[in-house]
1. Divide by every residue of the chain the summed helix terms, -39500 (n - 2.57) for each DSSP H run of at least 4, and state the resulting mean residue ellipticity at 222 nm, rounded to the nearest 500 deg cm²/dmol.
2. Determine, for each peptide in 168-181, 70-83, the mean count of other beta carbons within 10 angstrom over its residues, then list the peptides with the highest first.
3. Just to confirm the number: angle between the C-alpha axis of helix 102-115 and the first principal axis of the chain, 0 to 90 degrees, nearest 10?
4. So how much slack lies between residue 166 and residue 295, counting 0.36 nm per residue of separation and subtracting their Cα-Cα distance, in nm?
5. Sorting 250, 220 on the 10 Å Cβ count, fewest up front, what's the list?
6. Calculate the translational D of region 181-229 in whole µm² s⁻¹ from Stokes-Einstein, where the hydrodynamic radius comes from the Kirkwood formula applied to all Cα pairs, the temperature is 10 °C and the viscosity 1.306 mPa s.
7. Would you list the P(r) distribution for region 32-167, with all Cα-Cα distances sorted into 10 Å bins from 0 and each bin expressed as a whole %?
8. State, as an integer percentage, the relative contact order of the chain based on alpha-carbon contacts under 8 Å between residues 6 or more apart.
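Readers should treat all values here as calculations from the given coordinates under stated rules, not as data from a laboratory. Since we're looking at a predicted model, the values are computed, not measured. For neighbour counting, all protein chains shown are included, and Cβ atoms are generated from backbone atoms with ideal geometry for every residue, glycine included.
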């Protein structure tokens, strides 16, 4: 079993480690946090693992207690932490988006190749059986494919803090935040994996006072159809996502955390498409990422790396078209 170190002690890290424990794909062996209390509190949630704690990042990366690091810190910190991990011989699983811009991603992918290591962007939902069912449906009906509307809008738990004058990380350019990089990345992954690389794209964004996007509409243009993406962190939407095939429509209950599929014919008859969904949506991700590393599956790894390059290129160019500049863009 692969030995795992983690950076970030928030809910998403807890969910990943729970998946690692449930699937026996990774063993948690080291936790880094800026405070020992937070590191201990996190480790105490997983008593089945023998965990070492550290508050020193250099000490953490120099450790021989783990061979894979899972990084779930604020977006702008991913690059430096992943680069240091790779330079210390650690395989990296980094939460999406893996970097603030394509320049950073290129450096990381080249560093991983130089050291013979893996750098995996954690697009967990494309590894789930329900996404495979969507992919199979699209492939089977590709001749009739005529576009899609993909929506992922969730009122952020931190937006009230923002409105009250606070400065939460997810709404700052310093930490590479905003709707596109927090929620849009899921839906852009949907489009890239299902339909390929678009020919062009345009992003119309609602810009907040902090300089990031609170919501927006992203249009991806393909040869014969468009994909319209609607995202937001300042409002909620219960609108389903749809993929169009002439008279038939495939309905997804979300463009991000997909739990239900339906097919509509002629806009009337709606039937549920049977599928499965794990209680922990990261189970499949943990199993597959561990398999890729342990089996040195270069074909799958190169496929995921290509997806990451396309997705991150779309994210960067889309936000640039909306006038969104991250502080990380200024680091040359």
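1. Details: 10 runs with 117 residues, N = 332.
Computed ellipticity for the chain at 222 nm equals -11000 deg cm²/dmol.
2. Numbers: 168-181: 23.6, 70-83: 21.8.
Ranking, from highest mean packing down: 168-181, 70-83.
3. 50 degrees
4. Gain on extension, residue 166 to residue 295, equals 41.8 nm.
5. Neighbour counts put them in this order, fewest first: 250, 220.
6. 138 µm²/s
7. Pairs per bin, as whole percents: 10, 27, 29, 24, 8, 1.
8. 19 percent
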